[in-house]
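Everything on this sheet refers to the single structure shown next.
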Amino acid sequence: MSKVKVSKGGAPSLDMTPMVDLAFLLVTFFMLTASFRMAEPVTVDPPSSHADKTLPDNTILVSIDHDGRPFFGVSNAEAKVATLMKMSGKYKVSFSEAQIKKFGGMSSFGVDIKNLPKYIDASEGERQKFKTQGVPNDSLRDPQLSDWIRFAAQETNGIYIRERDKAKEQGKDFVGEKVRYAIKADATTKYISVKSVLKTFTDMKIYRFNLITSLEGGGSKPTETK
Amino acid sequence: MAEIADDGGGHKKGGKKRAKKQSTKIDMTPMVDLGFLLLTFFVLTSTFSKPKSMEISFPAPPPKDDKPVEVKNGLNIILTKDHKIFYYKGQYNAPGNAQGKPATELTETTFSPEGLHKIILEMNSYAHDEITKLENKVKNKQLADSTFKRLAMEAKGDKRSLTALIKTDDKATYKDVIDVVDELNVCMVGKYVIIDMSAPEFALLTEKIK
């Protein structure tokens with residue numbers, strides 16, 4: 001089978017079957033395990049720490065870039081769309097059917113809601129260049145971030161309860177998680193900008209966070225100095 | 001390359017004319033090409049590990065009529081620009097206070113193992129030693145995991161273990177805050193909080209970094 005046949009005169013032929021088997025095995029593995037990273041509107045390089053807890057799946061994420069601009073994202077697409085509808089109602093910005101659909105598949109964004117329709121229509125490349133100050137986060141004049149968080153929390157909790165009740169009705173085990181609030185800030189961000197975002201959360205009586213960090217190299221524990 | 005092998009069943013010399021025997025071998029090359037193309041794509045685009053995160057709780061704002069509590073075995077860590085880090089132990093004492101305690105002074109330290117790590121570990125030796133002892137017991141199977149968790153929490157919450165207060169000014173970076181919190185986690189400090197600096201502390205700090 002696996003012998004290299006040297007046929008007289010003709011080209012040597014090789015049996016490819018095991019190679020194909022292997023290749024497709026790997027393809028299947030990667031396809032099943034892959035989780036795609038959505039293109040983030042900005043690069044946020046979180047600081048490293050020894051924390052080794054993985055981030056829960058169901059999160060409301062606020063990223064803060066180097067300049068302190070907040071970006072908002074919800075992991076649950078269904079809740080994200082519902083949040084958009086509520087925001088559109090409150091801020092009187094209308095979205096087309098296509099825009100809503102597109103928004104559900106988007107990663108975090110950092111624009112004023114007035115510019116959001118334009119932002120959704122833009123291509124990936126154009127989004128990177130979008131001039132933005134992040135989601136407005138002014139608790140008095142323009143509390144958009146706080147509204148996004150509040151509505152998203154309501155929606156995700158609503159979905160959580162609905163799914164739990166549905167599972168109970170059908171007598172199945174419920175595996176869902178409650179929503180967690182994640183904060184991903186760049187290592188070089190001034191703490192004061194992180195603080196203002198934290199304040200937005202704490203004003204809503206949300207006190208527990210998951211701060212996203214990258215894993216520090218080496219062992220799980222640093223060398224003892226004692 | 002893999003080719004369709006020449007069909008072996010040709011005309012036999014002088015034999016009867018048979019139906020041409022088709023080769024059963026298929027050229028796999030395009031399939032391999034496709035397989036590896038997909039493989040490359042998935043290897044390059046997939047993210048193996050989910051991001052890691054650090055769980056942290058922030059304090060609820062205290063009720064208005066709340067008296068400031070006295071912190072026992074407290075360490076105040078003050079962060080500022082250029083990754084500078086200062087600390088003082090215990091309560092803040094203004095110069096010339098009524099109790100006659102010496103005025104608070106800030107001491108500078110570093111993020112190195114010889115700096116902050118050592119200070120925290122010294123002050124938190126009670127919890128650290130207790131938990132290390134408990135960990136050894138778990139290793140020797142003398143203690144169940146759930147009991148360990150409970151006892152570790154108790155040790156961290158004990159009066160003898162350290163309470164850390166992290167305070168930053170406007171110029172401190174997020175990385176410094178995370179580094180300090182991480183150091184506290186590594187040193188098994190259970191009681192820490194990130195709060196605002198008081199005005200006299202800020203004055204002391206400005207004096208120091210002038």
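Every number in this text was worked out from the coordinates using simple rules, so none of it is lab data. None of these values were measured; they are calculated from a predicted model. Cβ coordinates were reconstructed from backbone atoms using ideal geometry, including for glycine residues, and neighbour counts include every protein chain displayed.
Calculate the tail of P(r) for region A:30-103: the fraction of all Cα-Cα distances greater than 17 Å, expressed in %.
Of the Cα pairs, 62 percent sit more than 17 Å apart.
Is there a simple number for the mean count of other chain Cβ atoms within 10 Å of the Cβ of residues in B:167-180, and what is it? The partial results should precede the final answer.
Details: counts 0, 5, 3, 5, 3, 5, 10, 18, 12, 3, 7, 12, 6, 0.
Partner Cβ neighbours, averaged per residue: 6.
What number comes out for the charge environment of B:L143, summing +1 per Lys or Arg and -1 per Asp or Glu over other residues with Cβ under 15 Å away?
On the way: positive: B:K133, B:K137, B:K139, B:K141, B:K149, B:R150; negative: B:E130, B:E135, B:D145, B:E154.
Surrounding charge for B:L143 is +2.
What residues have an amide H closer than 5 Å to that of A:T59, excluding those fewer than 5 places away on the same chain, when H is modeled at 1.01 Å from N in the peptide plane?
A:S75, A:N76, A:R180
Rounded to the nearest 5, what % of the DSSP beta bridges within region A:48-225 are antiparallel ones?
If we restrict to bridges inside region A:48-225, about 40 percent are antiparallel.
Would you list B:L44, B:L75, B:L151 from fewest to most Cβ contacts within 10 Å? Spell out each step's value before the answer.
Values: B:L44 8, B:L75 23, B:L151 17.
Going from sparsest to densest Cβ surroundings: B:L44, B:L151, B:L75.
Which value, in Å to one decimal place, does the Kirkwood hydrodynamic radius take for the protein assembly as shown when every pair of different Cα atoms is included? Could the numbers behind the result be given before it?
On the way: mean 1/r = 0.0376 Å⁻¹.
Value: 26.6 Å, from the Cα pair sum.
Which of B:K156, B:K72, A:K92 has the fewest other C-beta atoms within 10 Å, and how do the rest follow up to the most?
Values: B:K156 19, B:K72 12, A:K92 8.
Arranged by neighbour count, lowest to highest, B:K156, B:K72, A:K92 become A:K92, B:K72, B:K156.
Rg/Rh for chain A: what does it come to with C-alpha atoms and Rh from Kirkwood?
Details: Rg = 23.6 Å, Rh = 20.7 Å.
Answer for chain A: 1.14.
Quick check for me: using +1 on Lys/Arg Cβ and -1 on Asp/Glu Cβ, what's the dipole size of chain A about its Cα centre, in debye to the nearest 20? Intermediate values should be presented prior to the final figure.
Numbers: 34 positive and 27 negative charges, 44 e Å.
In debye, rounded to 20, chain A gives about 220.
Per residue of A:44-54, count partner chain C-beta atoms within 10 Å of its C-beta, then hand back the mean as an integer. Can you show the working numbers first?
Numbers: counts 0, 1, 7, 10, 5, 11, 6, 10, 3, 5, 5.
Mean shielding count: 6.
For region A:96-148, what is one quarter of the convex hull surface built on the Cα atoms, given in nm²? Could you put the intermediate results ahead of the total?
Working: hull surface 15.3 nm².
The Cα convex hull of region A:96-148, projected and averaged over all directions, gives 3.8 nm².
Any idea how far the Cα center of region A:84-106 sits from the one of region B:192-210, in Å?
Taking the Cα centre of region B:192-210 as reference, the centre of region A:84-106 is 44 Å away.
Going by amide H atoms built from the backbone, whose H comes under 5 Å of the H on B:I85, apart from near neighbours?
B:T109
What is the local net charge at A:T156, summed over the other residues whose Cβ is closer than 14 Å to its Cβ (Lys, Arg +1; Asp, Glu -1)?
Values: positive: A:K80, A:K86, A:R150, A:R162, A:R164, A:K178, A:R180; negative: A:D57, A:E78, A:E155, A:E163, A:E177.
Neighbourhood net charge equals +2.
Where does the charge balance sit around B:L165 when Lys and Arg score +1, Asp and Glu -1, over other residues with C-beta under 12 Å from its C-beta?
Local net charge: +1.
Arranged by the count of other C-beta atoms within 10 angstrom, fewest first, what order do B:T107, B:T163, B:T80 take?
Numbers: B:T107 11, B:T163 19, B:T80 22.
Listed from fewest to most nearby Cβ atoms, that is B:T107, B:T163, B:T80.
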